[in-house]
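Student: For reference, the structure I am asking about is given below.
The values are calculated or read from the model by the stated rules, or taken from the named source; none is laboratory data. No experiment lies behind these values; they were computed from the predicted model shown. Note: ideal-geometry Cβ built from the backbone for every residue, glycine included; neighbour counts use all protein chains shown. These area figures cover heavy atoms from the full protein model, side chains too; ligands, DNA and RNA do not enter into them. Shrake-Rupley method; radii C 1.70, N 1.55, O 1.52, S 1.80 Å.
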Amino acid sequence: MTRLGVTCIGFLLICLSHALVAQTYPVKPIRIVVPFPPGGTSDIIGRTLGQKLTEAWSQQTIIDNRSGVAGSIGVANAAKSPPDGYTLVVGNVGPVAINHNIYKNVGYDPLKDFTPVTLAVTAPQIVVVHPSVPAKSFKEFTALVKSRKDKLNFGSSGPGSISHLAAETYKLMLKVDLVHIPYKGSALITNDLIAGQIDVVFSDMAVVLPHVKSGRLRALAVTGPQPTPLVPGVPTVAESGVPGFSMSSWWGILGPAGIPQPVVTRLNTELTRILQTQDIKDRFAVLGVDPAFSSPGDFGAFIKTEIVKYAKLIQQVGIKVD
């Protein structure tokens, strides 16, 4: 047999092998890494989608919370896992598009070390304060910040997180000051905000919305380009004295680089179906987030765009962590 014939047979065997993998996948539990503590938005998204995959494929999904360094530890763990489709990660804007511009060594390259599967969720943030803060609106809050000699403080999910960048952008645009108090997860920030230990948070909507509805926290504004019906009467930051301000979060599903294309396609197809179901739309609406989906290629292109955008913002704000 000629060398060309051997090469062709080898190629056919590889194609058949990949096709077989796609037909049988999954044959064992799937681990979904959540790079933040339990109770936060990433955790809720991971558990919700994991439950739906279990129902669809009758195969267990295991949620693995690995928090630290603003999400980088968990994302790095996923990047170093076997590229077989049995380890996925809930990647959000922080560890995927921001952290490598802030930390010296996050342990992964966001463009080279991952296989994008699909965008999953988008959402504005919501600015919330403890009821003891004497501001009934975002305009009143800004006036308070400008008038106080002792600075108000704000909590974030860590240096360079979307909650940190949103607050820093607000400070930069209005030339005001707030004291930054970093945390390791949004659920921890919310607990201290409710307890009155911190004054304000530019927060993921999912973790604070129940407390806004119960009156334990006060919503002042949302950070997206338009108001949301989930908090009627709450304006945008841009409408409240900071024209041009707009910042939203996103979450997506990724795996280690090198996952066979048929497995990626199977995952993308199933997650796209799940994200379009009415049950998921209803569940996510309660959390204040919107289901989204994309092709793997479009998600990869979106990540590249976000990396460029936040690199410029980080340079403007001047954030760097040794």
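Student: Contact list please: Cβ distance under 6 Å, first residue in segment 265-294 and under 15 Å from W57 (Cα atoms), second residue outside any helix (DSSP H, G or I) and open to solvent by 20 Å² or more (accessible area, probe 1.4 Å), pairs at least six apart or on different chains.
Tutor: Filtered contacts from segment 265-294: T272/F293.
Student: Among the candidates I198, I181, which residue alone is modelled with pLDDT of 90 or more, touching a Gly at 6+ places or on another chain (Cβ under 6 Å) and assigned to a loop (DSSP other than H, G, I, E, B)? Even if it seems obvious, please write down each step before you answer.
Tutor: Numbers: I181 fails: assigned to a loop (DSSP other than H, G, I, E, B).
Step by step, each of I198, I181 is checked, and only I198 is modelled with pLDDT of 90 or more, touching a Gly at 6+ places or on another chain (Cβ under 6 Å) and assigned to a loop (DSSP other than H, G, I, E, B).
Student: A follow-up question, please. Does at least one position in segment 214-230 carry a residue that is surrounded by fewer than 16 Cβ atoms within 10 Å (Cβ to Cβ), in a loop (DSSP other than H, G, I, E, B), free of Cβ contacts under 8 Å to residues at least 12 places away in the same chain and touching a strand residue (DSSP E or B) at 6+ places or on another chain (Cβ under 9 Å)?
Tutor: Looking through segment 214-230, at least one residue is surrounded by fewer than 16 Cβ atoms within 10 Å (Cβ to Cβ), in a loop (DSSP other than H, G, I, E, B), free of Cβ contacts under 8 Å to residues at least 12 places away in the same chain and touching a strand residue (DSSP E or B) at 6+ places or on another chain (Cβ under 9 Å).
Student: Scan segment 50-65 and report the pairs whose first residue is touching a residue at least 12 places away in the same chain (Cβ under 8 Å) and among the polar types (S, T, N, Q) and whose second residue is open to solvent by less than 50 Å² (accessible area, probe 1.4 Å) and part of a strand (DSSP E or B), with Cβ atoms within less than 6 Å and a gap of 6+ or a chain change.
Tutor: Within 6 Å, the pairs are T61/I30; T61/I32; N65/V34.
Student: Next question, about the same structure. Which one of the conditions (1) touching a residue at least 40 places away in the same chain (Cβ under 8 Å); (2) more than 18 Å from G318 (Cα to Cα) does R148 fail to meet, given that it meets all the rest?
Tutor: All conditions pass for R148, except number (1).
Student: Quick test for you: out of L111, L119, pick the one residue that is touching a Phe, Trp or Tyr at 6+ places or on another chain (Cβ under 6 Å) and either open to solvent by 10 Å² or more (accessible area, probe 1.4 Å) or of a type in the set (K, R) (or both). Spell out how you get there, then give the answer.
Tutor: Numbers: L111 fails: touching a Phe, Trp or Tyr at 6+ places or on another chain (Cβ under 6 Å).
Criteria check complete, one pass: L119.
Student: Okay, moving on. Select from segment 123-160 the residues that are open to solvent by 10 Å² or more (accessible area, probe 1.4 Å) and under 23 Å from the mean Cα position of the chain (by Cα) and write down the one among them that is farthest from A70 (Cα to Cα). Working first, answer last.
Tutor: Start the filter on segment 123-160 by keeping residues that are open to solvent by 10 Å² or more (accessible area, probe 1.4 Å), which leaves 124, 130-132, 134, 136-137, 139-140, 142-151, 153, 157, 159.
Those left that are additionally under 23 Å from the mean Cα position of the chain (by Cα): 124, 157, 159.
Details: P124: 19, S157: 6, P159: 7 Å.
Per the stated criteria, the residue is P124.
Student: Quick one: in segment 275-322, of everything that is closer than 11 Å to V121 by Cβ and among the aromatic types (F, W, Y), which residue is surrounded by the most Cβ atoms within 10 Å (Cβ to Cβ)?
Tutor: Out of the qualifying residues, it is F284.
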